[in-house]
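Beneath this line is the structure, given in structure tokens, with notes to follow.
The values are calculated or read from the model by the stated rules, or taken from the named source; none is laboratory data. Keep in mind that what you see is a predicted model, and the values were worked out from it rather than measured. Neighbour counts run over all protein chains shown; Cβ positions are idealised from the backbone, glycine included. Ligands, DNA and RNA are stripped out before the accessible areas are found, and what is left, the full protein with its side chains, is counted by its heavy atoms. Shrake-Rupley method; radii C 1.70, N 1.55, O 1.52, S 1.80 Å.
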Amino acid sequence: MKFREVTVKDIWQGEVCEEYPEKGIYYEDHGKVIRCDQWGAVSINYAKPVEGTDIVLVEERAKDLLEDNQALFISLIMSGGAAK
């Protein structure tokens with residue numbers, strides 16, 4: 001399982017938003033990122049990596065996968081990203 005620390009940026013109105021980047025862990029095999037904002041709020045989204053950088057992009061209005069499945073957060077952490 002490949003995962004790495006990344007900077008998470010959102011797509012807003014078709015443009016990459018440079019304000020309020022977040023830190024995250026990107027799980028390459030699943031295309032998911034666990035992200036944490038400056039206040040400590042955690043969410044999980046599908047993300048697309050930017051080739052040759054440590055940046056991943058999350059689409060506008062992306063579904064927060066953590067809302068439907070809190071166990072996903074624990075599984076991703078405990079398994080090093082092997083959770084489905």
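For the stretch 6-16, filtering for residues that are touching a strand residue (DSSP E or B) at 6+ places or on another chain (Cβ under 6 Å) and open to solvent by 40 Å² or more (accessible area, probe 1.4 Å) leaves 2. Could you please find all residues in the stretch 26-56 being in a strand (DSSP E or B), of a type outside the set (Val, Ile, Thr) and open to solvent by 40 Å² or more (accessible area, probe 1.4 Å)? Across the stretch 26-56, the qualifying residues are CYS36, TYR46, LYS48, PRO49. Checked against the criterion of being open to solvent by 40 Å² or more (accessible area, probe 1.4 Å), of a type outside the set (Lys, Arg) and in contact with a strand residue (DSSP E or B) (Cβ under 6 Å, 6 or more places away or on another chain), the candidates GLU22, GLU59 yield just one match: GLU59. Scanning the stretch 1-60 for residues that are of a type in the set (D, E, K, R) and in contact with a helix residue (DSSP H, G or I) (Cβ under 9 Å, 6 or more places away or on another chain) yields a single hit, LYS32. Checked against (1) of a type outside the set (D, E, K, R); (2) closer than 15 Å to THR7 by Cα; (3) over 10 Å from the mean Cα position of the chain (by Cα), GLY24 passes all but a single condition, namely (3).
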